[in-house]
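A quick write-up on the structure given underneath.
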Amino acid sequence: MLKLLLWRHSTHQTHKLARFLSQSLSNDPYDPPFSPTSKPQKPKNKTKHKTQNKDQNSKPEPKFPLKSDLPFDFKYSYSETNPSLEPIGFREPPRFSPFGPGRLDRKWTGTCAPAQQQEVDPERVAEERNRVLGDPLTEEEVAELVEKYRHSDCSRQINLGYFLSPKLLYILCVYMACIVNFIVGAKMVWVGGVTHNMLDDIHNHWKRAEAVRIKCLGVPTLDMDNVCFHLEEKSGGKVIYWHINILLLYRGRNYDPKNRPVVPLMLWKPYAPIYPKLVKNVADGLTFEETKEMRNRGLNSPSLMKLTRNGVYVNVVERVREAFETVEVVRLDCTHVGTSDCKKIGVKLRDLVPCVPILFKDEQIILWRGKRDEEQESNLSKEVTSVQMFE
């Protein structure tokens with residue numbers, strides 16, 4: 001029985017091989033055996049339909065130069081620059097516009113692209129902003145938006161003021177350039193505070209959400225009022241929630257994504273211009289020996305507080321003001337914060353406290369309160385003596 005089964009199996013295999021060879025071999029000498037069959041050609045009509053669909057779905061290319069109706073000067077950063085300070089030099093020629101050659105109808109001056117004042121009407125701008133914002137939100141509507149967007153797992157978030165090393169920043173830029181077009185609601189990182197390209201990111205979030213969550217860290221948190229002011233003025237929105245360093249920016253009732261303002265993007269970060277020296281060799285109101293003594297006293301004094309990288313500095317100004325009521329020199333420990341951020345912190349404290357920064361060394365900031373207290377005490381004593389004389 002076993003032999004019979006093996007014989008049937010062998011005969012079946014031979015018949016199968018013969019059938020295969022008879023189908024593959026051909027009498028035509030120009031048709032070799034085992035030749036691959038030709039694939040059927042696709043109809044040309046389908047390709048035409050595909051090209052027509054691509055043309056219909058493709059967006060129209062923007063025409064250059066772009067013209068924007070925004071009524072303010074375009075800068076790299078709005079919250080971290082002081083327009084009253086004039087630079088004394090430039091690190092790159094002012095003719096190199098960060099918007100690209102011929103892409104914007106405004107001329108780049110080295111620090112900004114100024115708007116044409118003839119076309120700016122403040123009343124018309126205010127009316128348009130009020131029209132977009134519409135009626136004020138009720139308490140219930142504000143509470144609903146806050147509960148929806150205030151949490152840390154919110155996808156509609158923008159990180160503002162983070163400090164990044166150049167190497168990490170380069171890696172981040174390459175990474176974001178690869179995935180930002182494929183991820184909806186990605187959390188962007190803006191190092192320079194309220195930057196120009198951040199405005200375009202805000203409007204992109206407003207396409208699909210009524211509000212955007214903004215988390216502020218680093219130097220901008222020293223003056224949160226300034227951050228809120230520039231966000232509202234430059235974007236046209238309304239800050240409806242503010243808790244320490246978390247903001248919610250509302251787009252308005254009548255916001256239309258199709259009629260959003262034109263925000264031309266900066267193709268690269270412009271080099272910062274050269275400004276006058278921040279720390280003078282001899283502080284105003286002191287001699288050289290007195291300035292040297294103040295610096296040594298500040299370096300040997302205990303630090304008022306220690307600032308960390310990407311920290312929240314909302315209470316630093318008040319702490320420095322309170323310290324100046326009892327001491328004359330204050331030291332801030334800014335280890336691992338970075339030299340550039342130390343100088344930015346010193347500039348903001350100089351304007352907000354106010355005080356006089358007299359030394360930046362080894363990421364230590366030495367601040368002098370100045371002679372204003374002595375002048376105020378002398379003026380008060382003069383007023384008191386004059387009142388006593390008349391009595």
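The values are calculated or read from the model by the stated rules, or taken from the named source; none is laboratory data. This one's a predicted model, so the numbers in the text were calculated from it and none came from an experiment. Don't worry about glycine lacking a Cβ; one is built from the backbone with ideal geometry, like all the others, and counts go over all protein chains shown.
Out of the residues in region 242-255 that are crowded, with 18+ Cβ neighbours inside 10 Å and among the aromatic types (Phe, Trp, Tyr), which is nearest to the chain's Cα centre (by Cα)?
Among them, the one singled out is Tyr250.
Given the options Asp341, Asp284, Asp333, name the one that is closer than 30 Å to Ala113 by Cα, of a type in the set (Asp, Glu) and in contact (Cβ under 8 Å) with a residue 12 or more places away in the chain.
On the way: Asp284 fails: closer than 30 Å to Ala113 by Cα; Asp333 fails: closer than 30 Å to Ala113 by Cα.
Of Asp341, Asp284, Asp333, the one residue that is closer than 30 Å to Ala113 by Cα, of a type in the set (Asp, Glu) and in contact (Cβ under 8 Å) with a residue 12 or more places away in the chain is Asp341.
What number of residues within region 216-238 satisfy the criterion of being closer than 19 Å to Lys148 by Cβ and surrounded by fewer than 18 Cβ atoms within 10 Å (Cβ to Cβ)?
Counting residues in region 216-238 that are closer than 19 Å to Lys148 by Cβ and surrounded by fewer than 18 Cβ atoms within 10 Å (Cβ to Cβ) gives 0.
One line per residue, one yes/no per condition, for (1) of a type in the set (S, T, N, Q); (2) without any contact (Cβ under 8 Å) to a residue 12 or more places away in the chain:
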| position | (1), (2) |
| --- | --- |
| His196 | no, no |
| Asp201 | no, no |
| Trp206 | no, no |
| Val212 | no, no |
| Asn226 | yes, no |
| Glu233 | no, no |
| Leu249 | no, no |
| Asn254 | yes, no |
| Asn259 | yes, yes |
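Those residues that are at pLDDT 90 or above, touching a Phe, Trp or Tyr at 6+ places or on another chain (Cβ under 9 Å) and assigned to a helix (DSSP H, G or I), I need them from region 144-172; list them, please.
Leu145, Val146
Looking only at region 95-104, count how many residues are assigned to a loop (DSSP other than H, G, I, E, B) and surrounded by 14 or more Cβ atoms within 10 Å (Cβ to Cβ).
Kept after step one, since they are assigned to a loop (DSSP other than H, G, I, E, B), are these residues of region 95-104: 95-103.
Those left that are additionally surrounded by 14 or more Cβ atoms within 10 Å (Cβ to Cβ): 96-100, 103.
Matching residues across region 95-104 total 6.
Might you let me know whether region 303-313 holds any residue that is of a type in the set (Ser, Thr, Tyr), within 29 Å of Leu85 (Cα to Cα) and crowded, with 19+ Cβ neighbours inside 10 Å?
Restricting attention to region 303-313, the residues satisfying the condition of being of a type in the set (Ser, Thr, Tyr) are 303, 308, 313.
In the following step, the residues that additionally are within 29 Å of Leu85 (Cα to Cα) were identified as 308, 313.
Next cut, crowded, with 19+ Cβ neighbours inside 10 Å only: 313.
Taking every residue of region 303-313 in turn, at least one turns out to be of a type in the set (Ser, Thr, Tyr), within 29 Å of Leu85 (Cα to Cα) and crowded, with 19+ Cβ neighbours inside 10 Å.
Restricting to region 105-128, and then to whatever is at pLDDT 90 or above and assigned to a helix (DSSP H, G or I), can you tell me which residue is nearest to Leu265 (Cα to Cα)?
Per the criteria, the residue is Glu128.
If a residue must be free of Cβ contacts under 8 Å to residues at least 40 places away in the same chain and touching a Cys at 6+ places or on another chain (Cβ under 7 Å), how many such residues does region 344-375 contain?
Here the count works out to 2.
Would you please name the residue that is farthest from Ser235 (Cα to Cα), looking only at residues in region 129-143 that are assigned to a helix (DSSP H, G or I) and in contact (Cβ under 8 Å) with a residue 40 or more places away in the chain? Before the answer, list the steps.
Going through region 129-143, the residues assigned to a helix (DSSP H, G or I) turn out to be 129-133, 139-143.
Right, trim to in contact (Cβ under 8 Å) with a residue 40 or more places away in the chain and you get 129, 131-133, 142.
Numbers: Arg129: 10, Arg131: 14, Val132: 11, Leu133: 11, Val142: 19 Å.
Of everything passing the filter in region 129-143, Val142 is farthest from Ser235 (Cα to Cα).
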